[in-house]
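Presented below is the structure to which this report refers.
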Amino acid sequence: MTTHDVGGDLSKLLMGFRVSQAIHVAATLGLADLLAPGPKTSDELAEATNTHLLALYRLMRALASAGIFRECDHRRFELTPVGELLRSDVAGTHAPIAQLIGRPIYWQAWGDLLHAVRSGETAFNHVHGVDVWEYRASHAQEGEAFDRAMAAHTDRFAAVVAEACDFDRFASVVDVGGGDGTFLAKILTAHPRVRATLLDQPHVIARAAASFEPLGLSSRCRAVGGDFFVSVPEGGDAYLMKSILHDWDDPASIDILRICRKAMKPTSRLLVVEHVIGPPNTGPEGKFADLHMLVLTGGRERTRDEFDALFDQSGFRLVTVTPTSTPLSVIECVPESS
């Protein structure tokens, strides 16, 4: 590979922020939904989105060069297979994530990465003066955008992750910090004999409870408002935590795990669904997710050894780590005897 080739690769990486923000704008404007029935000109799209004619064309042709759309004759555009995933109505949609990541609160926090690297402090807190949970709680639109993105993210991974673990072993599952219940609903639908409890903050639970009714799951799942730093429902056969521990540093994660340990039976199992950081020079998904935690929450992604140490300090023993076809793994632990 020549110096020119290497420089070209580096340039693409350096300019990746431009593609990311352009995709965010396209998702926010709903351009993929507008193209779902068939090709349209950029002028037609501009009229439908109340945007500037030439500016929208420039956005569309840039995204076409990146493979999101395809430019045809006379400034007409159509969806590519990649662009299809920006539609809001398709399975595996990436639209809510694209709408979220380019919002100013995240863009500004990532712009403070240098401060986080120099100080070890959370960039979001430094930029906005409060942590991300406080910010979302006091800015309803940000909280709603986050919930939509997490539901879409969970929906993409839920079936694969659920297949990696035999939930038929358990009569009851407690989903700790389970958000709007998207993941838990997938488990209950696939395993009709399982009953469940969903725990999250009261304002989140209110939305989750409503989502179980149309799925016919209300009789098998109760939604409980609470704080997993204080208590979790007792007596479950399995305690599920998906993308929870990565939000927190080690001391806070140990506190959460110890609270769970107190609620568990000796025969209960802990199921943690997270990135597991791989060997050097591999697995960019987990390692950039780890940077995202540095920027946004103050938490971290962890290696298997780091998880092992975390569980050991919390009263658990790590039993298995099961990779999935997604970047996430299912980590199963058992409570150690007191």
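The values are calculated or read from the model by the stated rules, or taken from the named source; none is laboratory data. Treat the numbers as computed from the prediction; the structure is a model and nothing was measured. All Cβ positions, even for glycine, are placed from backbone atoms using ideal geometry, and neighbour counts span all protein chains on display.
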Kindly provide the set of residues from the range 136-158 that are more than 14 Å from the chain's Cα centre (by Cα) and either basic (Lys, Arg) or buried (at least 17 other Cβ atoms within 10 Å of the Cβ) (or both), ordered by number. ARG136, GLU142
In the range 267-293, anything more than 20 Å from TRP110 (Cβ to Cβ), out of contact with any helix residue (DSSP H, G or I) (no Cβ under 6 Å at 6 or more places or on another chain) and of a type in the set (A, V, I, L, M, F, W, C) is listed as LEU270, LEU271, VAL272
Which condition from (1) outside any helix (DSSP H, G or I); (2) in the same structural domain as ALA190 (by TED's automatic domain parsing) is the one that ASP147 breaks? (1)
Failed item, numbered, when TYR239 is tested on (1) crowded, with 18+ Cβ neighbours inside 10 Å; (2) modelled with pLDDT under 95: (2)
Hits in the range 47-68 (condition: under 18 Å from ILE23 (Cβ atoms) and out of contact with any strand residue (DSSP E or B) (no Cβ under 7 Å at 6 or more places or on another chain)): THR49, THR51, ALA55, LEU56, TYR57, ARG58, LEU59, ALA62, SER65, ALA66, GLY67, ILE68
Quick check on the range 128-139: of everything there that is modelled with pLDDT of 90 or more and part of a helix (DSSP H, G or I), which residue is farthest from ASP247 (Cα to Cα)? SER138
Among residues of the range 210-228, those that are free of Cβ contacts under 8 Å to residues at least 24 places away in the same chain and not in a loop (DSSP other than H, G, I, E, B), counted: 3
Take the residues in the range 282-326 that are under 21 Å from the mean Cα position of the chain (by Cα), aliphatic (A, V, I, L, M) and under 27 Å from VAL132 (Cβ atoms); name whichever of them is surrounded by the most Cβ atoms within 10 Å (Cβ to Cβ). VAL295
Residue among ARG103, ARG118 that alone is surrounded by 14 or more Cβ atoms within 10 Å (Cβ to Cβ) and not assigned by TED's automatic domain parsing to the domain that holds VAL19: ARG103
Of everything in the range 252-273, what is touching a strand residue (DSSP E or B) at 6+ places or on another chain (Cβ under 7 Å), closer than 27 Å to ARG193 by Cβ and surrounded by 16 or more Cβ atoms within 10 Å (Cβ to Cβ)? Give them in sequence order. CYS260, ARG261, MET264, SER268, ARG269, LEU270, LEU271, VAL272, VAL273
For ASP249, are the conditions met, namely being of a type in the set (Asp, Glu), out of contact with any Lys or Arg (no Cβ under 9 Å at 6 or more places or on another chain) and surrounded by fewer than 18 Cβ atoms within 10 Å (Cβ to Cβ)? no
